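The values are calculated or read from the model by the stated rules, or taken from the named source; none is laboratory data. Just so it is clear, the model here is predicted, and its values are computed rather than measured. Because the Cβ atoms are built from the backbone with ideal geometry, glycine has one as well, and the counts that use them run over all protein chains shown. These accessible areas exclude ligands, DNA and RNA; they are computed on the full protein's heavy atoms, side chains included. Shrake-Rupley method; radii C 1.70, N 1.55, O 1.52, S 1.80 Å.
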Amino acid sequence: MNGQSQSQYAPAAGVPLIKSPSLRVPRPVELPPDIHPLPDSVTAYFVYPFTLEPHVLTVEASRRSTLAAHAARREAYLKAREDEKERRKREALRRIAPGFEPKATPLVPTKRFSGVPGQPGSSAEGGSQTGEGGGHQRSKSVMEDLVDQLAALDSK
């Protein structure tokens, strides 16, 4: 195997290498003679002044209370904003459908008095649509209702 690896690179061994004029080898770094060497132990450099401890704890407590106050104010602002958005949405829905409340039970339509004679539910007929005498009246079609309403408007 050793002979094989030598024979593999043998043709490249005779190729001359050309040095590029734009490249140069950097000079070795020389340390100044007056450099201060590190001591054997650096623990002497790590001294904590415990005199600052009460000040640090006081500042930390005030910082936490400030953060809590900001968080509470932010939550109150977001809740007020959400309530305002909900109020505006309800107002918009009430403009479209007065009396509508999304969280309430569905609205049930009620019959109202119609001043047009000949209309079901008006006082001009005096009875209900099915009749009070036990007989069954024929219900009017939409077209007949429209013709009756137009006739009532013309007569006014």
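For the stretch 93-114, a residue qualifies if it is in a helix (DSSP H, G or I) and surrounded by fewer than 10 Cβ atoms within 10 Å (Cβ to Cβ), and the qualifying residues are 95, 96. Annotation for the stretch 66-75: no member residue is in a loop (DSSP other than H, G, I, E, B) and open to solvent by 100 Å² or more (accessible area, probe 1.4 Å).
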